[in-house]
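Colleague: I have a structure here, written as C-alpha coordinates, and I will follow up with some questions on it.
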Amino acid sequence: MLRDLSEDQVAQINGLSVLFGLASCLVSCAVAIPLGRFFHAPQLAAVVVAMSTGFVITAFKIVPFSLLQRDLRFRGLAVVEAGRAVLLAATMIGFAFLGLRYWTLVLGGLLSSLVSTVATLVLRRHRIAWPRIQSLRHAMTFSAHILVTRLAWYVYSNADFLVAGRVLGKTALGLYQFGWNLANIPIDKITSLVGQVTPAVFSAVQSDHAALRRYLLRITEGLALITFPASFGMALVAPDFVLFALGDKWQGAIVPLQLLAVSTGFRAVTPLLPHVLAAIGQSRIAMQYGVLCTAVLPAAFYFAGRSLGTLGLALVWVFVFPVLVIPAYRRVLQAIELSNREYLLALWPAISASALMAAAVLAVHLAAGDHWARGLRFGAEVAAGAGVYGLTCLTLHSERITSFTRLLRTLRGAPAPAADVAVSP
(Lines give C-alpha, C1' and ligand atoms only; values in the text may rest on other atoms or scores of the structure.)
Protein backbone atom coordinates (compact mmCIF):
# COMPACT_ATOMS: atom_id res chain seq x y z
CA MET A 1 0.00 0.00 0.00
CA LEU A 2 3.00 2.31 0.58
CA ARG A 3 4.14 2.87 -2.99
CA ASP A 4 6.41 5.87 -2.33
CA LEU A 5 9.11 4.13 -0.28
CA SER A 6 12.72 4.51 -1.38
CA GLU A 7 14.98 1.51 -1.96
CA ASP A 8 16.83 2.32 1.27
CA GLN A 9 13.60 2.39 3.24
CA VAL A 10 12.58 -0.96 1.76
CA ALA A 11 15.94 -2.40 2.83
CA GLN A 12 15.39 -1.06 6.35
CA ILE A 13 11.93 -2.64 6.46
CA ASN A 14 13.56 -5.89 5.35
CA GLY A 15 15.95 -5.64 8.29
CA LEU A 16 13.10 -4.80 10.64
CA SER A 17 11.22 -7.88 9.41
CA VAL A 18 14.19 -10.11 10.23
CA LEU A 19 14.56 -8.57 13.69
CA PHE A 20 10.86 -9.02 14.34
CA GLY A 21 11.09 -12.66 13.25
CA LEU A 22 13.95 -13.27 15.67
CA ALA A 23 12.05 -11.56 18.49
CA SER A 24 8.93 -13.62 17.78
CA CYS A 25 11.01 -16.80 17.85
CA LEU A 26 12.48 -15.88 21.25
CA VAL A 27 9.07 -15.01 22.70
CA SER A 28 7.61 -18.30 21.48
CA CYS A 29 10.46 -20.23 23.04
CA ALA A 30 9.94 -18.38 26.33
CA VAL A 31 6.24 -19.29 26.53
CA ALA A 32 6.64 -22.87 25.29
CA ILE A 33 6.78 -24.49 28.73
CA PRO A 34 3.93 -22.40 30.23
CA LEU A 35 1.76 -23.31 27.23
CA GLY A 36 2.48 -26.98 27.75
CA ARG A 37 1.39 -26.70 31.37
CA PHE A 38 -1.73 -24.70 30.49
CA PHE A 39 -2.94 -27.32 28.02
CA HIS A 40 -1.71 -30.22 30.20
CA ALA A 41 0.50 -31.42 27.33
CA PRO A 42 4.21 -31.55 28.27
CA GLN A 43 5.17 -32.52 24.72
CA LEU A 44 3.72 -29.22 23.45
CA ALA A 45 6.79 -27.27 24.63
CA ALA A 46 9.14 -28.99 22.19
CA VAL A 47 6.61 -28.54 19.38
CA VAL A 48 6.30 -24.79 20.06
CA VAL A 49 10.08 -24.34 20.15
CA ALA A 50 10.48 -26.18 16.85
CA MET A 51 7.68 -24.28 15.15
CA SER A 52 9.00 -20.94 16.41
CA THR A 53 11.91 -21.25 13.99
CA GLY A 54 9.33 -20.70 11.27
CA PHE A 55 9.16 -17.04 12.34
CA VAL A 56 12.82 -16.59 11.43
CA ILE A 57 12.48 -18.43 8.13
CA THR A 58 9.40 -16.50 7.06
CA ALA A 59 10.92 -13.15 8.12
CA PHE A 60 13.31 -13.27 5.16
CA LYS A 61 10.38 -13.78 2.79
CA ILE A 62 7.99 -11.01 3.83
CA VAL A 63 9.52 -8.05 2.01
CA PRO A 64 10.47 -9.89 -1.22
CA PHE A 65 6.99 -11.46 -1.28
CA SER A 66 5.38 -8.03 -0.81
CA LEU A 67 7.51 -6.60 -3.62
CA LEU A 68 6.33 -9.39 -5.94
CA GLN A 69 2.76 -8.52 -5.02
CA ARG A 70 3.38 -4.82 -5.58
CA ASP A 71 4.81 -5.60 -9.02
CA LEU A 72 1.72 -7.76 -9.75
CA ARG A 73 3.85 -10.85 -10.45
CA PHE A 74 1.02 -13.17 -9.50
CA ARG A 75 2.00 -15.90 -11.94
CA GLY A 76 5.34 -16.40 -10.21
CA LEU A 77 3.66 -16.36 -6.81
CA ALA A 78 1.16 -18.96 -8.01
CA VAL A 79 4.00 -21.23 -9.14
CA VAL A 80 5.68 -20.88 -5.75
CA GLU A 81 2.43 -21.66 -3.93
CA ALA A 82 1.66 -24.67 -6.13
CA GLY A 83 5.16 -26.09 -5.69
CA ARG A 84 5.00 -25.54 -1.94
CA ALA A 85 1.65 -27.33 -1.71
CA VAL A 86 2.85 -30.34 -3.72
CA LEU A 87 6.05 -30.64 -1.70
CA LEU A 88 4.14 -30.28 1.57
CA ALA A 89 1.76 -33.08 0.64
CA ALA A 90 4.57 -35.40 -0.47
CA THR A 91 6.79 -34.81 2.55
CA MET A 92 3.94 -35.14 5.04
CA ILE A 93 2.96 -38.48 3.53
CA GLY A 94 6.58 -39.57 3.86
CA PHE A 95 6.88 -38.36 7.45
CA ALA A 96 3.62 -40.07 8.37
CA PHE A 97 4.86 -43.29 6.75
CA LEU A 98 7.98 -43.07 8.93
CA GLY A 99 5.76 -42.89 12.02
CA LEU A 100 6.65 -39.35 13.10
CA ARG A 101 3.07 -38.76 14.37
CA TYR A 102 2.43 -35.11 15.32
CA TRP A 103 5.96 -34.20 14.25
CA THR A 104 4.72 -34.82 10.71
CA LEU A 105 2.74 -31.57 10.89
CA VAL A 106 5.58 -29.65 12.53
CA LEU A 107 8.33 -30.73 10.14
CA GLY A 108 6.05 -30.48 7.14
CA GLY A 109 5.11 -26.91 8.01
CA LEU A 110 8.72 -25.87 8.57
CA LEU A 111 9.89 -27.45 5.33
CA SER A 112 7.02 -25.78 3.50
CA SER A 113 8.01 -22.37 4.91
CA LEU A 114 11.65 -22.93 3.99
CA VAL A 115 10.88 -23.91 0.39
CA SER A 116 8.47 -21.00 -0.03
CA THR A 117 11.04 -18.54 1.34
CA VAL A 118 13.87 -19.82 -0.85
CA ALA A 119 11.67 -19.79 -3.97
CA THR A 120 10.50 -16.25 -3.22
CA LEU A 121 14.08 -15.06 -2.78
CA VAL A 122 15.00 -16.61 -6.11
CA LEU A 123 12.27 -14.57 -7.79
CA ARG A 124 12.90 -11.32 -5.93
CA ARG A 125 15.70 -10.47 -3.52
CA HIS A 126 16.34 -7.22 -1.71
CA ARG A 127 19.19 -6.13 0.49
CA ILE A 128 18.87 -5.86 4.27
CA ALA A 129 19.71 -2.69 6.18
CA TRP A 130 19.60 -1.77 9.84
CA PRO A 131 16.28 -0.01 10.50
CA ARG A 132 16.28 3.68 11.48
CA ILE A 133 13.11 4.62 13.33
CA GLN A 134 12.97 8.22 12.12
CA SER A 135 13.20 7.16 8.50
CA LEU A 136 10.48 4.52 8.89
CA ARG A 137 8.05 6.38 11.17
CA HIS A 138 5.21 6.55 8.65
CA ALA A 139 5.78 3.02 7.38
CA MET A 140 5.98 1.67 10.93
CA THR A 141 2.70 3.34 11.87
CA PHE A 142 1.00 1.76 8.87
CA SER A 143 2.64 -1.60 9.59
CA ALA A 144 1.59 -1.42 13.24
CA HIS A 145 -2.02 -0.96 12.18
CA ILE A 146 -1.81 -3.97 9.85
CA LEU A 147 -0.02 -6.07 12.47
CA VAL A 148 -2.56 -5.31 15.19
CA THR A 149 -5.39 -6.03 12.74
CA ARG A 150 -3.95 -9.44 11.89
CA LEU A 151 -3.15 -10.30 15.51
CA ALA A 152 -6.69 -9.32 16.47
CA TRP A 153 -8.05 -11.55 13.70
CA TYR A 154 -5.92 -14.45 14.92
CA VAL A 155 -7.14 -14.02 18.50
CA TYR A 156 -10.86 -13.77 17.83
CA SER A 157 -10.88 -16.37 15.05
CA ASN A 158 -9.33 -18.95 17.39
CA ALA A 159 -11.15 -18.00 20.59
CA ASP A 160 -13.96 -20.46 19.87
CA PHE A 161 -11.48 -23.36 19.74
CA LEU A 162 -9.98 -22.30 23.06
CA VAL A 163 -13.43 -22.19 24.67
CA ALA A 164 -14.37 -25.55 23.14
CA GLY A 165 -11.18 -27.18 24.38
CA ARG A 166 -11.08 -25.69 27.88
CA VAL A 167 -14.80 -25.46 28.72
CA LEU A 168 -16.55 -28.13 26.66
CA GLY A 169 -13.87 -30.85 26.53
CA LYS A 170 -11.98 -32.78 23.88
CA THR A 171 -15.02 -34.54 22.40
CA ALA A 172 -16.91 -31.30 21.84
CA LEU A 173 -13.74 -29.69 20.46
CA GLY A 174 -13.32 -32.54 17.98
CA LEU A 175 -16.91 -32.27 16.75
CA TYR A 176 -16.75 -28.50 16.49
CA GLN A 177 -13.37 -28.48 14.75
CA PHE A 178 -14.62 -31.04 12.25
CA GLY A 179 -17.59 -28.82 11.47
CA TRP A 180 -15.40 -25.74 11.21
CA ASN A 181 -12.88 -27.37 8.86
CA LEU A 182 -15.58 -28.78 6.61
CA ALA A 183 -17.51 -25.49 6.51
CA ASN A 184 -14.38 -23.52 5.62
CA ILE A 185 -13.18 -25.76 2.80
CA PRO A 186 -14.96 -23.58 0.20
CA ILE A 187 -13.24 -20.34 1.29
CA ASP A 188 -9.83 -21.20 2.74
CA LYS A 189 -7.83 -21.43 -0.47
CA ILE A 190 -9.94 -18.90 -2.34
CA THR A 191 -9.70 -16.17 0.31
CA SER A 192 -5.99 -16.92 0.72
CA LEU A 193 -5.45 -16.36 -3.01
CA VAL A 194 -7.59 -13.23 -3.02
CA GLY A 195 -5.70 -11.96 0.02
CA GLN A 196 -2.47 -12.18 -1.96
CA VAL A 197 -3.84 -10.36 -5.00
CA THR A 198 -6.19 -7.66 -3.78
CA PRO A 199 -3.79 -5.54 -1.65
CA ALA A 200 -1.60 -4.85 -4.68
CA VAL A 201 -4.56 -4.30 -7.00
CA PHE A 202 -6.31 -1.91 -4.59
CA SER A 203 -3.04 -0.14 -3.91
CA ALA A 204 -2.47 0.47 -7.62
CA VAL A 205 -5.79 2.36 -7.86
CA GLN A 206 -5.79 3.86 -4.36
CA SER A 207 -6.12 7.42 -5.68
CA ASP A 208 -8.85 6.52 -8.18
CA HIS A 209 -12.01 5.75 -6.20
CA ALA A 210 -14.00 4.97 -9.34
CA ALA A 211 -11.55 2.20 -10.29
CA LEU A 212 -11.40 1.05 -6.68
CA ARG A 213 -15.19 0.72 -6.61
CA ARG A 214 -15.16 -1.31 -9.84
CA TYR A 215 -12.53 -3.71 -8.55
CA LEU A 216 -14.25 -4.13 -5.19
CA LEU A 217 -17.60 -4.87 -6.83
CA ARG A 218 -16.22 -7.31 -9.39
CA ILE A 219 -14.04 -9.21 -6.90
CA THR A 220 -16.87 -9.33 -4.36
CA GLU A 221 -19.23 -10.60 -7.03
CA GLY A 222 -16.79 -13.29 -8.12
CA LEU A 223 -16.08 -14.41 -4.56
CA ALA A 224 -19.79 -14.68 -3.85
CA LEU A 225 -20.44 -16.67 -7.03
CA ILE A 226 -17.81 -19.20 -5.98
CA THR A 227 -18.32 -19.41 -2.21
CA PHE A 228 -22.07 -18.90 -1.70
CA PRO A 229 -23.20 -22.11 -3.44
CA ALA A 230 -20.52 -24.17 -1.73
CA SER A 231 -21.29 -22.72 1.71
CA PHE A 232 -25.07 -22.76 1.53
CA GLY A 233 -25.04 -26.09 -0.28
CA MET A 234 -23.00 -27.60 2.54
CA ALA A 235 -25.54 -26.30 5.05
CA LEU A 236 -28.37 -27.92 3.09
CA VAL A 237 -26.84 -31.37 2.59
CA ALA A 238 -24.96 -31.58 5.91
CA PRO A 239 -27.31 -34.12 7.59
CA ASP A 240 -27.17 -36.61 4.75
CA PHE A 241 -23.47 -36.03 4.10
CA VAL A 242 -22.31 -36.47 7.69
CA LEU A 243 -24.44 -39.54 8.43
CA PHE A 244 -23.65 -41.15 5.08
CA ALA A 245 -19.91 -40.46 5.01
CA LEU A 246 -19.03 -40.65 8.71
CA GLY A 247 -21.82 -42.46 10.53
CA ASP A 248 -24.16 -41.76 13.43
CA LYS A 249 -21.35 -41.06 15.93
CA TRP A 250 -20.74 -37.71 14.16
CA GLN A 251 -24.36 -36.58 14.44
CA GLY A 252 -23.38 -33.96 17.01
CA ALA A 253 -21.39 -32.14 14.32
CA ILE A 254 -24.34 -31.61 11.95
CA VAL A 255 -26.03 -28.51 13.41
CA PRO A 256 -22.75 -26.64 14.14
CA LEU A 257 -21.62 -27.52 10.61
CA GLN A 258 -24.81 -26.08 9.13
CA LEU A 259 -24.54 -22.85 11.08
CA LEU A 260 -20.83 -22.46 10.38
CA ALA A 261 -21.42 -23.09 6.68
CA VAL A 262 -24.01 -20.30 6.60
CA SER A 263 -21.60 -17.93 8.33
CA THR A 264 -18.85 -18.92 5.90
CA GLY A 265 -20.74 -17.37 3.02
CA PHE A 266 -20.76 -14.01 4.81
CA ARG A 267 -17.18 -14.28 6.03
CA ALA A 268 -15.92 -15.06 2.52
CA VAL A 269 -16.29 -11.45 1.39
CA THR A 270 -15.29 -9.66 4.60
CA PRO A 271 -11.48 -9.98 4.10
CA LEU A 272 -11.72 -7.37 1.34
CA LEU A 273 -12.67 -4.66 3.84
CA PRO A 274 -9.31 -4.12 5.55
CA HIS A 275 -7.58 -4.17 2.16
CA VAL A 276 -9.76 -1.31 0.94
CA LEU A 277 -9.28 0.68 4.14
CA ALA A 278 -5.52 0.23 3.93
CA ALA A 279 -5.48 1.30 0.29
CA ILE A 280 -7.26 4.58 1.04
CA GLY A 281 -5.07 5.34 4.06
CA GLN A 282 -7.56 4.35 6.77
CA SER A 283 -5.78 1.31 8.18
CA ARG A 284 -6.41 2.64 11.70
CA ILE A 285 -10.15 2.03 11.23
CA ALA A 286 -9.54 -1.60 10.23
CA MET A 287 -7.38 -1.98 13.34
CA GLN A 288 -10.09 -0.51 15.56
CA TYR A 289 -12.71 -2.91 14.23
CA GLY A 290 -10.30 -5.80 14.73
CA VAL A 291 -9.72 -4.78 18.34
CA LEU A 292 -13.50 -4.47 18.83
CA CYS A 293 -14.02 -8.02 17.58
CA THR A 294 -11.24 -9.22 19.90
CA ALA A 295 -12.93 -7.53 22.85
CA VAL A 296 -16.41 -8.90 22.11
CA LEU A 297 -16.17 -12.29 20.40
CA PRO A 298 -14.11 -14.27 22.98
CA ALA A 299 -16.57 -13.26 25.74
CA ALA A 300 -19.49 -14.14 23.47
CA PHE A 301 -17.96 -17.54 22.72
CA TYR A 302 -17.45 -18.19 26.42
CA PHE A 303 -20.99 -17.40 27.55
CA ALA A 304 -22.68 -18.95 24.51
CA GLY A 305 -20.48 -22.04 24.75
CA ARG A 306 -21.22 -22.56 28.43
CA SER A 307 -24.95 -22.24 27.79
CA LEU A 308 -25.44 -24.04 24.47
CA GLY A 309 -22.21 -25.95 23.84
CA THR A 310 -20.89 -26.12 20.28
CA LEU A 311 -24.24 -24.83 19.02
CA GLY A 312 -23.64 -21.60 20.95
CA LEU A 313 -20.17 -21.18 19.45
CA ALA A 314 -21.57 -21.48 15.94
CA LEU A 315 -24.44 -19.08 16.71
CA VAL A 316 -21.92 -16.39 17.65
CA TRP A 317 -20.47 -16.54 14.13
CA VAL A 318 -23.96 -16.37 12.61
CA PHE A 319 -25.38 -13.48 14.64
CA VAL A 320 -22.74 -11.63 16.70
CA PHE A 321 -19.96 -11.40 14.10
CA PRO A 322 -22.15 -9.77 11.42
CA VAL A 323 -23.40 -7.20 13.93
CA LEU A 324 -19.79 -6.18 14.57
CA VAL A 325 -18.71 -6.15 10.92
CA ILE A 326 -21.67 -4.47 9.21
CA PRO A 327 -20.71 -1.00 10.58
CA ALA A 328 -17.27 -1.53 9.04
CA TYR A 329 -18.97 -2.26 5.72
CA ARG A 330 -20.83 1.02 5.90
CA ARG A 331 -17.61 2.88 6.72
CA VAL A 332 -15.82 1.40 3.72
CA LEU A 333 -18.67 2.04 1.30
CA GLN A 334 -19.00 5.63 2.46
CA ALA A 335 -15.26 6.22 2.16
CA ILE A 336 -15.17 5.20 -1.51
CA GLU A 337 -18.61 6.67 -2.29
CA LEU A 338 -20.23 3.33 -3.05
CA SER A 339 -23.93 2.97 -2.32
CA ASN A 340 -25.40 0.05 -0.40
CA ARG A 341 -27.60 -0.73 -3.38
CA GLU A 342 -24.64 -1.08 -5.75
CA TYR A 343 -22.88 -3.40 -3.32
CA LEU A 344 -25.96 -5.58 -2.82
CA LEU A 345 -26.44 -5.75 -6.59
CA ALA A 346 -22.94 -7.24 -6.83
CA LEU A 347 -24.09 -10.00 -4.47
CA TRP A 348 -27.42 -10.53 -6.22
CA PRO A 349 -26.27 -13.08 -8.86
CA ALA A 350 -24.88 -15.40 -6.17
CA ILE A 351 -27.82 -14.84 -3.80
CA SER A 352 -30.52 -15.45 -6.42
CA ALA A 353 -28.81 -18.50 -7.88
CA SER A 354 -28.19 -19.91 -4.38
CA ALA A 355 -31.86 -19.42 -3.47
CA LEU A 356 -32.97 -21.42 -6.51
CA MET A 357 -30.32 -24.02 -5.71
CA ALA A 358 -31.69 -24.33 -2.17
CA ALA A 359 -35.20 -24.79 -3.51
CA ALA A 360 -34.02 -27.59 -5.79
CA VAL A 361 -32.14 -29.38 -2.99
CA LEU A 362 -35.11 -29.16 -0.62
CA ALA A 363 -37.46 -30.42 -3.36
CA VAL A 364 -35.28 -33.49 -3.93
CA HIS A 365 -35.02 -34.08 -0.18
CA LEU A 366 -38.80 -33.92 0.27
CA ALA A 367 -39.48 -36.07 -2.80
CA ALA A 368 -37.00 -38.74 -1.75
CA GLY A 369 -38.06 -38.78 1.91
CA ASP A 370 -36.98 -41.94 3.70
CA HIS A 371 -37.66 -44.13 0.69
CA TRP A 372 -34.24 -43.60 -0.88
CA ALA A 373 -30.96 -44.81 0.51
CA ARG A 374 -29.09 -42.00 2.26
CA GLY A 375 -26.17 -42.10 -0.17
CA LEU A 376 -28.48 -41.98 -3.20
CA ARG A 377 -30.44 -39.10 -1.72
CA PHE A 378 -27.26 -37.18 -0.97
CA GLY A 379 -25.98 -37.66 -4.51
CA ALA A 380 -29.31 -36.55 -5.99
CA GLU A 381 -29.34 -33.42 -3.79
CA VAL A 382 -25.82 -32.46 -4.85
CA ALA A 383 -26.55 -33.07 -8.53
CA ALA A 384 -29.81 -31.10 -8.44
CA GLY A 385 -28.29 -28.20 -6.54
CA ALA A 386 -25.21 -27.96 -8.77
CA GLY A 387 -27.28 -28.25 -11.93
CA VAL A 388 -29.79 -25.58 -10.95
CA TYR A 389 -27.07 -23.21 -9.75
CA GLY A 390 -25.02 -23.59 -12.92
CA LEU A 391 -28.08 -23.25 -15.16
CA THR A 392 -29.23 -20.13 -13.29
CA CYS A 393 -25.84 -18.49 -13.62
CA LEU A 394 -25.61 -19.25 -17.32
CA THR A 395 -29.12 -18.10 -18.18
CA LEU A 396 -29.69 -15.16 -15.83
CA HIS A 397 -26.21 -13.90 -14.99
CA SER A 398 -23.98 -14.84 -17.92
CA GLU A 399 -22.83 -11.22 -18.41
CA ARG A 400 -21.68 -10.98 -14.81
CA ILE A 401 -19.72 -14.24 -15.07
CA THR A 402 -18.12 -13.03 -18.30
CA SER A 403 -17.14 -9.77 -16.58
CA PHE A 404 -15.54 -11.62 -13.68
CA THR A 405 -13.70 -13.97 -16.03
CA ARG A 406 -12.37 -10.95 -17.93
CA LEU A 407 -11.13 -9.49 -14.65
CA LEU A 408 -9.27 -12.71 -13.82
CA ARG A 409 -7.60 -12.69 -17.23
CA THR A 410 -6.64 -9.06 -16.67
CA LEU A 411 -4.99 -9.85 -13.33
CA ARG A 412 -3.20 -12.88 -14.76
CA GLY A 413 -1.88 -10.64 -17.49
CA ALA A 414 0.09 -8.54 -14.96
CA PRO A 415 2.51 -6.75 -14.57
CA ALA A 416 0.64 -4.09 -16.50
CA PRO A 417 -0.30 -1.42 -13.95
CA ALA A 418 -3.73 -2.21 -12.56
CA ALA A 419 -4.67 1.46 -12.59
CA ASP A 420 -4.39 1.48 -16.38
CA VAL A 421 -6.62 -1.52 -16.89
CA ALA A 422 -10.25 -1.00 -17.79
CA VAL A 423 -12.68 -3.15 -15.86
CA SER A 424 -16.09 -3.85 -17.30
CA PRO A 425 -18.81 -2.09 -15.33
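Colleague: Would you mind listing how long the chain runs along its three principal axes, going by Cα atoms, in whole Å with the largest first?
Modeller: 72, 57, 41
Colleague: In addition: Using the Cα centre of region 233-370 as origin and beta-carbon charges of +1 (Lys, Arg) and -1 (Asp, Glu), tell me which of 346, 280, 242 is placed farthest towards the positive end of the dipole.
Modeller: 280
Colleague: Sorting 203, 398 by accessible area (1.4 Å probe), largest first, what list results?
Modeller: The residues order as 398, 203, largest area first.
Colleague: Roll a 1.4 Å probe over the protein chains and send me the accessible area per residue for region 251-366 in Å².
Modeller: For region 251-366, the per-residue accessible area is 43 Å².
Colleague: In whole Hz, with x marking every Gly and Pro, tabulate ³J(HN,Hα) for region 338-351 from phi via Karplus 6.51 cos²θ - 1.76 cosθ + 1.60, θ = phi - 60°.
Modeller: Residue by residue, region 338-351 yields 10, 6, 4, 5, 4, 5, 5, 5, 5, 8, 4, x, 5, 5 Hz.
Colleague: Round to the nearest 10 and report in Å² the accessible area of residue 308, as given by a 1.4 Å probe over the protein chains' heavy atoms.
Modeller: For residue 308, the solvent-accessible surface is approximately 100 Å².
Colleague: What figure in square angstrom, to the nearest 10, would you give for the accessible area of residue 25 with a 1.4 Å probe?
Modeller: That residue has around 20 Å² of solvent-accessible surface.
Colleague: Calculate one ³J(HN,Hα) per residue across region 96-113 by plugging θ = phi - 60° into the Karplus curve 6.51 cos²θ - 1.76 cosθ + 1.60, and present them in order as whole Hz with x for glycine and proline.
Modeller: 5, 5, 7, x, 7, 6, 5, 5, 4, 5, 5, 5, x, x, 5, 5, 4, 4
Colleague: What does the net charge come to around residue 385 if you take all other residues with beta carbon closer than 13 Å to its beta carbon, with K and R at +1 and D and E at -1?
Modeller: -1
Colleague: Computed over the Cα atoms of region 203-355, what is the ratio Rg over Rh, Rh following Kirkwood?
Modeller: 1.03
Colleague: Could you check how much of the accessible area of the chain is carbon and sulfur, as a whole percent, using a 1.4 Å probe? Show your work: numbers first, answer last.
Modeller: Working: 14520 of 21280 Å².
Answer for the chain is 68 percent, counting heavy atoms of protein chains only.
Colleague: Still on this structure: Output wanted: per-residue J couplings in Hz (rounded whole) for region 384-401, from phi through Karplus 6.51 cos²θ - 1.76 cosθ + 1.60, θ = phi - 60°, x for Gly and Pro.
Modeller: 5, x, 5, x, 5, 5, x, 5, 5, 4, 6, 8, 9, 10, 5, 5, 5, 5
Colleague: Expressed as a rounded percentage, what relative contact order does the chain have, with Cα pairs under 8 Å and six or more residues apart?
Modeller: Dividing the mean separation by the residue count of the chain yields 19 percent.
Colleague: Could you tell me the distance between the Cα centroids of region 19-75 and region 253-290, to the nearest Å?
Modeller: Taking the Cα centre of each part, region 19-75 and region 253-290 sit 24 Å apart.
Colleague: Oh, and also: At 0.36 nm per residue, minus the direct Cα-Cα distance, what do residue 356 and residue 90 gain on full extension? Give it in nm, one decimal, please.
Modeller: Length gained between residue 356 and residue 90: 91.7 nm.
Colleague: Ignoring the sites themselves, what is the longest stretch of the chain with no chymotrypsin sites (Phe, Trp or Tyr not before Pro) in a DSSP loop and at most 14 other beta-carbon atoms within 10 Å?
Modeller: Numbers: sites that count: 39, 102.
The segment 103-425 is the longest one with no such site.
The values are calculated or read from the model by the stated rules, or taken from the named source; none is laboratory data. Keep in mind it's a predicted model, so treat the numbers as computed, not measured. Note that each Cβ is placed from the backbone with ideal geometry, even for glycine, and that neighbours are counted across all protein chains shown. Note: areas computed on protein heavy atoms with side chains; ligands, DNA, RNA excluded. Shrake-Rupley method; radii C 1.70, N 1.55, O 1.52, S 1.80 Å.
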